[in-house]
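For reference, the structure is listed below as structure tokens.
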Amino acid sequence: MLEVKNVDILISTHYLIEDLSFTLRSGDKLAIIGEEGNGKSTLLKSILGRCDYATLRGSVDFKGNKVGYLEQSLNTEDLEIKVYEYLFKSDDDYYNKVNRLYKYLDKLGIGDELLEQVMKSLSGGERVKIGILKLLLEENDIYFLDEPTNDLDINTLKWLEKFIKETSKPIIYVSHDETLLANTANMILHIEQIKKKQECRHTLAKVGYDEYVEKRLNAIKKQTQIAISEKREFNKKEKRLREIMQSVEHEQNTISRSDPHGARLLKKKMKSLKAQEHRLENNALTELPTVEESIYFNFEEVNVPKNKEIIKLNIPELKVDGKILSHNIRLDVIGNTHLCMIGNNGVGKSTLIKIIYNELKTRKDIVIGYMPQDYEDILNNYTYVLDFLADKNKENITHARMYLGNMNFTREEMTGKIEYLSNGTKAKLFLIKLVLENCNVLILDEPTRNVSPLSNPVIRSVLANFKGTIISVSHDRKYLKEVINELYELTEDGLIKINYLD
């Protein structure tokens, strides 16, 4: 249904992909994974012929199939129109699709009233739902999905997961949701930038996500063990050979001229030893595996007393633009609680977390770190990466550069403009900021949303071991399970404390 042959993708002279070939057939669910900035979204756009900043060489054949594409973000024009206009070309188009519309409205948890709203007034999750709805109404043959789970509430996320798994239509998608990947993918395309991001590499495997990760880690471990063992054995042989050669050389230097036969024997022996040396040097050793470096970051020793009051919140009405979203919100947070809020899209979670941040940001007895859902809310105030992380103090800049390196930022990214970074790289920028400012209270809105599934386990581990307070919004099921010790659902009737959802 889709054939990609010998495809190269370049930005200027830098290869993101080289000699990629694959065929997508009915029932195939191909997940594209890789670190931030490696070109996952660029690959989707390039195959579709919608990328104006990259060059594609090779062939792409859709075999006449109709393709639906869910982008990560809407363009400016689409944000200014009503949902109804975004979904339908005309009233006739609406009547042709009305049966499917009400079928999927219910499944996606979208109310009729949303159709009359302007797209830009919707929450992030609601926009994603409308984007998915548009694809379903169009009855496409193949789906291209770029981060389809971003900001979705758990109920919709589970429905989407079931749809991807059960549909016979082929899907190629980018996702950072490890649970979704594990439950849906039957093919993996792993894109890497190795050797300090100077070379690209890709791996195509017709297996599930968990199997791919396990096989990859086992292969890296096995190759590392073999390489170390062979190198150790090589060093032993080389050392022994050197010792013998030095001994023979010493004998050659001290042998009497009256013993030409002995001299000839030593010369012959040295020739044999040099042949051994040549064979040893030309013996191909197993190389240490070349892998994309893992990210590393950690908080300095921070602490919040267990019984310290962080916030005592009482909001009679949670409103956005005059619309009441929730009533009687009460929340008491103390000490090193790791708290998360879930809830349906549009119920006001991001609004609530902003209120919490604004209430706490002027406190002198705690150090607040904030990661918003929309990174530009804060990043638009800065031009360059180092402007955001450090003042002009040389020591602070050096410290910031060290952490940027640990998070796999290239030299160009470190000194470059924030606007050129991918969303995942911007997420890492916020994490570095939280560490550099030694924050002991973190306000996080979807902290793992844009980060690679291969880096997310590191982030979850660091946050799970964080000794301060975390107040967050997330629908990442692994984050909820591994990091959180208090879970609340925001409803129209306020915050309800719940157990972890299966």
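The values are calculated or read from the model by the stated rules, or taken from the named source; none is laboratory data. Bear in mind the structure is a predicted one, so any value in this text is a computation, not a measurement. FYI the Cβ positions are ideal-geometry reconstructions off the backbone, even for glycines, and counts take in every protein chain you see.
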Scan region 124-145 residue by residue and report those that are surrounded by 21 or more Cβ atoms within 10 Å (Cβ to Cβ) and in contact with a strand residue (DSSP E or B) (Cβ under 9 Å, 6 or more places away or on another chain).
-> VAL128, GLY131, ILE132, TYR143, PHE144, LEU145
Only one of (1) modelled with pLDDT of 85 or more; (2) more than 30 Å from PRO453 (Cα to Cα) is not met by ALA205, so which one is it?
-> (2)
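When you scan region 437-459, how many residues do you find that are part of a helix (DSSP H, G or I) and crowded, with 20+ Cβ neighbours inside 10 Å? Lay out the reasoning, then the answer.
Kept after step one, since they are part of a helix (DSSP H, G or I), are these residues of region 437-459: 456-459.
Restricting the remaining residues to those that are crowded, with 20+ Cβ neighbours inside 10 Å gives 456, 459.
Adding up the residues that qualify gives 2.
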Would you mind telling me which numbered condition in (1) within 23 Å of PRO457 (Cβ to Cβ); (2) without any contact (Cβ under 8 Å) to a residue 40 or more places away in the chain; (3) in contact with a Leu (Cβ under 8 Å, 6 or more places away or on another chain) ASP177 fails?
-> (2)
Can you tell me how many residues in region 153-162 are touching a strand residue (DSSP E or B) at 6+ places or on another chain (Cβ under 9 Å) and either outside the structural domain of GLU139 (by TED's automatic domain parsing) or surrounded by fewer than 20 Cβ atoms within 10 Å (Cβ to Cβ) (or both)?
-> 1
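What are the residues in region 90-148 that are among the polar types (S, T, N, Q), part of a helix (DSSP H, G or I) and under 31 Å from the mean Cα position of the chain (by Cα), if any? Steps first, please.
To start, the set of residues in region 90-148 that are among the polar types (S, T, N, Q) comprises 90, 96, 99, 117, 121, 123, 140.
Narrowing further to those that are part of a helix (DSSP H, G or I): 96, 99, 121.
If the condition is that a residue be among the polar types (S, T, N, Q), part of a helix (DSSP H, G or I) and under 31 Å from the mean Cα position of the chain (by Cα), then SER121 is the only one that fits.
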In region 63-75, anything on the phi > 0 side of the Ramachandran plot and touching a residue at least 12 places away in the same chain (Cβ under 8 Å) is listed as LYS63
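Given the condition over 27 Å from LYS165 (Cβ atoms) and either modelled with pLDDT of 95 or more or in contact with a strand residue (DSSP E or B) (Cβ under 6 Å, 6 or more places away or on another chain) (or both), answer yes or no: does some residue in region 28-45 qualify?
Going through region 28-45, the residues over 27 Å from LYS165 (Cβ atoms) turn out to be 37.
Imposing the further condition that a residue be either modelled with pLDDT of 95 or more or in contact with a strand residue (DSSP E or B) (Cβ under 6 Å, 6 or more places away or on another chain) (or both) reduces the set to none.
Looking through region 28-45, none of the residues is over 27 Å from LYS165 (Cβ atoms) and either modelled with pLDDT of 95 or more or in contact with a strand residue (DSSP E or B) (Cβ under 6 Å, 6 or more places away or on another chain) (or both).
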Residue identified as out of contact with any Asp or Glu (no Cβ under 6 Å at 6 or more places or on another chain), surrounded by fewer than 16 Cβ atoms within 10 Å (Cβ to Cβ), part of a loop (DSSP other than H, G, I, E, B) and at pLDDT 85 or above among LYS319, LYS306 | LYS306
Would you be able to tell me the number of residues in region 448-502 that are in contact with a helix residue (DSSP H, G or I) (Cβ under 7 Å, 6 or more places away or on another chain), among the aliphatic types (A, V, I, L, M) and over 27 Å from GLU35 (Cα atoms)?
-> 3
Would you mention how many residues in region 374-409 are surrounded by 16 or more Cβ atoms within 10 Å (Cβ to Cβ), modelled with pLDDT under 90 and either touching a Gly at 6+ places or on another chain (Cβ under 9 Å) or not in a helix (DSSP H, G or I) (or both)?
-> 4
How many of the residues making up region 105-119 are surrounded by fewer than 17 Cβ atoms within 10 Å (Cβ to Cβ), of a type outside the set (S, T, N, Q) and modelled with pLDDT of 90 or more?
-> 3
So which of ALA185, ALA205 is among the small types (Gly, Ala, Ser), under 14 Å from LEU30 (Cα atoms), out of contact with any Asp or Glu (no Cβ under 6 Å at 6 or more places or on another chain) and free of Cβ contacts under 8 Å to residues at least 40 places away in the same chain?
-> ALA205
All conditions in (1) under 23 Å from ASN408 (Cβ atoms); (2) among the β-branched types (Val, Ile, Thr); (3) free of Cβ contacts under 8 Å to residues at least 60 places away in the same chain are true of VAL60 except (1)
Pairs with Cβ under 7 Å, 6+ apart, first in region 23-34 and in the same structural domain as VAL67 (by TED's automatic domain parsing), second among the small types (Gly, Ala, Ser) and surrounded by fewer than 18 Cβ atoms within 10 Å (Cβ to Cβ) = SER26/SER168; GLY27/SER168
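Can you go through GLU233, GLU161, GLU192 and tell me which one is without any contact (Cβ under 8 Å) to a residue 24 or more places away in the chain and within 20 Å of the chain's Cα centre (by Cα)?
Sole residue among the options that is without any contact (Cβ under 8 Å) to a residue 24 or more places away in the chain and within 20 Å of the chain's Cα centre (by Cα): GLU161.
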What pairs can you find where one residue is in region 368-390 and aliphatic (A, V, I, L, M), the other is in a loop (DSSP other than H, G, I, E, B), and their Cβ atoms are less than 7 Å apart, with a gap of 6+ or different chains?
-> ILE368/LYS361; ILE368/CYS439; MET371/PRO447; ILE378/PRO372; VAL385/GLY416
